[in-house]
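**Student:** Before I ask anything, let me first share the structure, which is written out below as structure tokens.
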Amino acid sequence: MNNKARGFFGERPLPKFEVDSQVLRRRTRRDVLLFGAGAVVALAGAGSLLPQDTLTRLGLRRNMNSPGKEWLLNKALRIDDNVAETLYSPRRTVPTYTKSQVTPLKNNYNGATPDPGYIPGWHLTLDGLASGVSVALDIRSLMTGFSMREQITRLVCVEGWSAIAWWAGLRFDDLLRAYPPASQAKWVRVESSVNLDASGNPDPYYVSIDLATARHPQTLLATHLNGQPLTVEHGAPLRLLVPVKLGLKNVKAITKLTYVAQEPRDYWAERGYSHYDGI
């Protein structure tokens with residue numbers, strides 16, 4: 001009886017699991033990067049809040065006034081962007097939904113909604129191509145020259161709201177294949193020249209997207225929302241849809257794509273937001 005009890009309750013050897021070495025290396029690298037980024041961001045945030053005399057005792061000589069705090073937080077944000085970019089995988093897709101799960105999508109234009117008068121003369125300009133020439137495409141050329149794709153994904157806004165929407169359009173990757181960028185290009189500058197500020201004055205909008213994200217299978221140049229052509233409120237006649245990015249990267253009423261070797265300017269990054277804006 002005692003022997004059976006000891007055998008049942010006694011310490012047993014731990015089970016053995018075999019993990020592929022390549023998988024282990026990838027997971028270890030990812031965990032280290034995530035931990036390191038979190039530590040840097042936490043230190044930067046804490047450092048920006050500590051009194052200057054405390055920072056001095058810790059050996060940090062930088063004067064942590066408002067510009068100093070902004071400098072430190074921007075450095076932390078840039079490191080966070082770099083880590084997110086390193087961990088990006090084209091095989092990771094966001095969840096998709098059914099039409100019954102679609103929710104209302106509000107007009108969240110940056111500034112005032114443009115007057116629809118721009119639409120008849122609208123065209124998309126492509127610059128930085130391997131051919132060395134600039135190309136202009138109207139909406140008919142885009143819709144008839146490429147296969148249309150549909151997807152129902154969630155649009156996530158940096159302001160804290162989200163919506164599930166049914167989109168249709170051409171894959172950005174298909175456009176890249178038809179009009180290849182120059183060999184040294186790694187980024188695309190996405191612009192809307194018809195964007196307005198809150199007072200209704202011209203305020204061109206531009207964001208930076210790395211080409212790996214542009215080639216993601218869920219990145220669309222959308223022409224339709226909920227089975228209907230885009231309205232002005234939602235970026236007619238063509239908008240960028242990048243479900244792996246926050247909504248501020250999803251430019252409405254695109255008028256120009258420029259392929260470049262170095263990361264281009266970004267509207268919100270210049271105003272203190274992240275460059276990468278991944279989700």
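**Student:** Mind checking which residues of the range 243-266 are in a strand (DSSP E or B) and not β-branched (Val, Ile, Thr)?
**Tutor:** 245, 256, 257, 259
**Student:** Let me ask another. Going through 214, 236, 253 one at a time, which residue ends up being at pLDDT 95 or above and touching a Phe, Trp or Tyr at 6+ places or on another chain (Cβ under 6 Å)?
**Tutor:** Testing whether each residue is at pLDDT 95 or above and touching a Phe, Trp or Tyr at 6+ places or on another chain (Cβ under 6 Å) leaves just 214.
**Student:** In the range 179-191, is there at least one residue being open to solvent by less than 20 Å² (accessible area, probe 1.4 Å), touching a helix residue (DSSP H, G or I) at 6+ places or on another chain (Cβ under 6 Å), in contact (Cβ under 8 Å) with a residue 24 or more places away in the chain and part of a loop (DSSP other than H, G, I, E, B)?
**Tutor:** The answer is no, given that none of the residues of the range 179-191 is open to solvent by less than 20 Å² (accessible area, probe 1.4 Å), touching a helix residue (DSSP H, G or I) at 6+ places or on another chain (Cβ under 6 Å), in contact (Cβ under 8 Å) with a residue 24 or more places away in the chain and part of a loop (DSSP other than H, G, I, E, B).
**Student:** Also: Check residue 150 against each of (1) acidic (Asp, Glu); (2) surrounded by fewer than 11 Cβ atoms within 10 Å (Cβ to Cβ); (3) in a strand (DSSP E or B) and name the one condition it does not meet.
**Tutor:** Every condition holds for residue 150 apart from (2).
**Student:** Let me ask something else about it. Look at residue 170 and say whether it is within 24 Å of residue 121 (Cα to Cα), part of a helix (DSSP H, G or I), modelled with pLDDT of 95 or more and of a type in the set (A, V, I, L, M, F, W, C).
**Tutor:** No.
The values are calculated or read from the model by the stated rules, or taken from the named source; none is laboratory data. Please read all numbers here as calculations on a predicted model, not as lab measurements. Don't worry about glycine lacking a Cβ; one is built from the backbone with ideal geometry, like all the others, and counts go over all protein chains shown. The accessibility values were calculated without ligands, DNA or RNA, using every heavy atom of the protein model including side chains. Shrake-Rupley method; radii C 1.70, N 1.55, O 1.52, S 1.80 Å.
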